[in-house]
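**Student:** Sharing a structure below in structure tokens format, with a few things to ask.
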Amino acid sequence: MSYLLNTWYVAGWSEDVQPGALLTRTLLEQPVLMFRDAAGVPRALVDRCPHRFAPLSMGKLSEDGQSVQCAYHGLHFDGHGACVHNPHGDGRIPTAAKVRTYPMVERYGILWIWMGDATRADAALIPDFSLIDPEHWHVGKRYLHAKANYVLETDNIMDLSHVEFLHPSTLGTPAVKNALTDIRQEGNTVWSMRQTVAETLTPFLYGSLGYPEGTLVDRWFDVRWDAPANMLLIAGGTPTGRPRSEGRESALPHLFTPETATTTHYWFAATRPKAMGPAGAQIAQKIADGLSMPFTHEDLPMLEAQQRAMGDADFWSLKPVLLSGDAPAVRARRVLDKLIAEEQAQG
Ligand code: FES
Ligand SMILES: [Fe+2]
């Protein structure tokens, strides 16, 4: 499968890589080893020793935390991929004893990885997720693993007309498919906007928005997409007829990184302002738990069933029927396809 390489992918939440521990994850079909060096800086390297190709993740971090020792014959590699210790012979370091590393940046409580040409890695290209920055927000973070292609996940978030059908007891009401929709594109960023009017919500939604049951609510869901599949859903509501500025709004990131062509890492989160104190932290966790239910038991089985039904076929080769709500997801697919084609044309 062709992936966009010169872009920032999510490799995990900051908490996933703990000091003194090794974490291995397959990203874009590459085994990646992550750890924090002695200064706490997250490092990412190919999880394969250049001697006899043992996974370095079977080894251990050195006592000073600066290098990983291969479990097989004991070579040590640091966070820059350099072999820093050879316990054999005269201890000379063979020139070929190097491991490829990937640029990694920790920002907004997220570990971002650049799988392409390291000289082109520019942290300024990381999309803005300051709405979940742990400095100002309590963040309830979750992870799911999906046996489905990551672009099917983009379809799922960019087209929320499915919530009435797939999530009738939690997230959806018939008002959503009849919502006012809009699509916007700024450069390679695509926005999918959806606004309902005078909606009667589910108890779960009244709970998370904090309005008394029965209140007629105008809701909005604005999803920002950036390649490859990093989305920020801004969901909010007001009692009907009131301006958005009086409403309650929160940001829900949906971040997808392909593990393989047919499996995906999925990170999502719910937030509440730090200013709410410890109660805000509990509410963020509660909302994240509340969302985990439909995401795990409704979206995930659907996405995995779609993937099984599609098999290995290319999405467009199956000639998908297009509905009115598909425009933003299709736009995002087109942008992604264009970026991949441009990258391949550059060689
Ligand atoms: S395979 Fe790693 S040192 Fe031999
Ligand atoms: Fe869904």
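The values are calculated or read from the model by the stated rules, or taken from the named source; none is laboratory data. In this text the structure is predicted, and so the values were computed from the model without any measurement. Glycine gets a Cβ as well: all are built from the backbone with ideal geometry, and neighbour counts include every protein chain shown. These area figures cover heavy atoms from the full protein model, side chains too; ligands, DNA and RNA do not enter into them. Shrake-Rupley method; radii C 1.70, N 1.55, O 1.52, S 1.80 Å.
**Student:** Would you tally the residues in segment 253-297 being within 16 Å of ligand 2 (Cβ to nearest atom), open to solvent by less than 40 Å² (accessible area, probe 1.4 Å) and more than 16 Å from the chain's Cα centre (by Cα)?
**Tutor:** So the answer is 3.
**Student:** Also, quick follow-up: Within the set of pairs 6 or more residues apart or between chains, which connect a residue that is in a loop (DSSP other than H, G, I, E, B) inside segment 164-184 to a residue that is of a type in the set (S, T, Y) and open to solvent by 80 Å² or more (accessible area, probe 1.4 Å) with Cβ atoms less than 8 Å apart?
**Tutor:** Here the result reads T173/T200; A175/T200, each pair linking segment 164-184 to a residue that is of a type in the set (S, T, Y) and open to solvent by 80 Å² or more (accessible area, probe 1.4 Å).
**Student:** Give the residues of segment 39-76 that are among the aliphatic types (A, V, I, L, M) and either over 21 Å from P87 (Cβ atoms) or within 16 Å of ligand 2 (Cβ to nearest atom) (or both), sorted by residue number.
**Tutor:** So in segment 39-76, the residues among the aliphatic types (A, V, I, L, M) come out as 39, 41, 44-46, 54, 56, 58, 61, 68, 71, 75.
A39, V41, A44, V46, listed by residue number.
**Student:** Return the pairs, sorted by first residue and then second, in which the second residue is assigned to a loop (DSSP other than H, G, I, E, B) and open to solvent by 30 Å² or more (accessible area, probe 1.4 Å), the first residue lies in segment 131-144 and is in contact (Cβ under 8 Å) with a residue 40 or more places away in the chain, the beta carbons are less than 6 Å apart, and the residues are 6+ apart or on different chains.
**Tutor:** Listed by first residue and then by second, the contacts come to I132/Y108.
For every residue, the table says whether it meets (1) modelled with pLDDT of 90 or more; (2) within 15 Å of G236 (Cα to Cα); (3) among the aliphatic types (A, V, I, L, M).
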site: N188; (1), (2), (3): yes, no, no
site: M193; (1), (2), (3): yes, yes, yes
site: V197; (1), (2), (3): yes, yes, yes
site: W220; (1), (2), (3): yes, yes, no
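**Student:** Which residue pairs have Cβ atoms under 8 Å apart, sit 6 or more places apart or on different chains, and have a first residue in segment 36-61 that is closer than 12 Å to T101 by Cβ and a second that is of a type in the set (K, R)?
**Tutor:** The qualifying pairs are D37/R43; P42/R36; R43/R36; L45/R100; V46/R100; L56/R48.
**Student:** Can we say T240 is in contact (Cβ under 8 Å) with a residue 40 or more places away in the chain and touching an Asp or Glu at 6+ places or on another chain (Cβ under 6 Å)? Working first, answer last.
**Tutor:** On the way: in contact (Cβ under 8 Å) with a residue 40 or more places away in the chain: yes; touching an Asp or Glu at 6+ places or on another chain (Cβ under 6 Å): yes.
Yes, satisfied.
**Student:** Okay, moving on. When segment 194-217 is examined, which residues are found to be touching a Pro at 6+ places or on another chain (Cβ under 8 Å) and either assigned to a strand (DSSP E or B) or surrounded by 20 or more Cβ atoms within 10 Å (Cβ to Cβ) (or both)?
**Tutor:** V217
**Student:** When you scan segment 29-38, do you find a residue that is more than 16 Å from ligand 2 (Cβ to nearest atom), crowded, with 22+ Cβ neighbours inside 10 Å and not in a strand (DSSP E or B), even just one? It would help to see each step written out before you state the result.
**Tutor:** Taking segment 29-38 as the starting set, the residues that turn out to be more than 16 Å from ligand 2 (Cβ to nearest atom) are 29-38.
Cutting the leftovers down to crowded, with 22+ Cβ neighbours inside 10 Å gives us 32-35.
This time we only want the ones that are not in a strand (DSSP E or B), so: none.
No, segment 29-38 contains no residue that is more than 16 Å from ligand 2 (Cβ to nearest atom), crowded, with 22+ Cβ neighbours inside 10 Å and not in a strand (DSSP E or B).
**Student:** Checking M104 against (1) under 20 Å from P31 (Cα atoms); (2) surrounded by fewer than 21 Cβ atoms within 10 Å (Cβ to Cβ); (3) outside the structural domain of D299 (by TED's automatic domain parsing); (4) more than 13 Å from ligand 1 (Cβ to nearest atom), only one condition comes out false. Which one?
**Tutor:** Answer for M104: the failing condition is (2).
**Student:** Looking at segment 81-127, which of its residues are under 24 Å from K274 (Cα atoms) and in contact (Cβ under 8 Å) with a residue 60 or more places away in the chain? Break it down stepwise before answering.
**Tutor:** Restricting attention to segment 81-127, the residues satisfying the condition of being under 24 Å from K274 (Cα atoms) are 105-112, 126-127.
Matches in segment 81-127: V105, E106, G109, I110, L111, W112, I126, P127.
**Student:** Restricting attention to segment 44-65, does a residue exist that is basic (K, R), under 25 Å from W267 (Cα atoms) and at pLDDT 95 or above? Give the steps one after another, and end with the answer.
**Tutor:** From segment 44-65, those basic (K, R) are 48, 52, 60; that's our starting set.
With the extra rule that they be under 25 Å from W267 (Cα atoms), the set shrinks to none.
Within segment 44-65, none of the residues are basic (K, R), under 25 Å from W267 (Cα atoms) and at pLDDT 95 or above.
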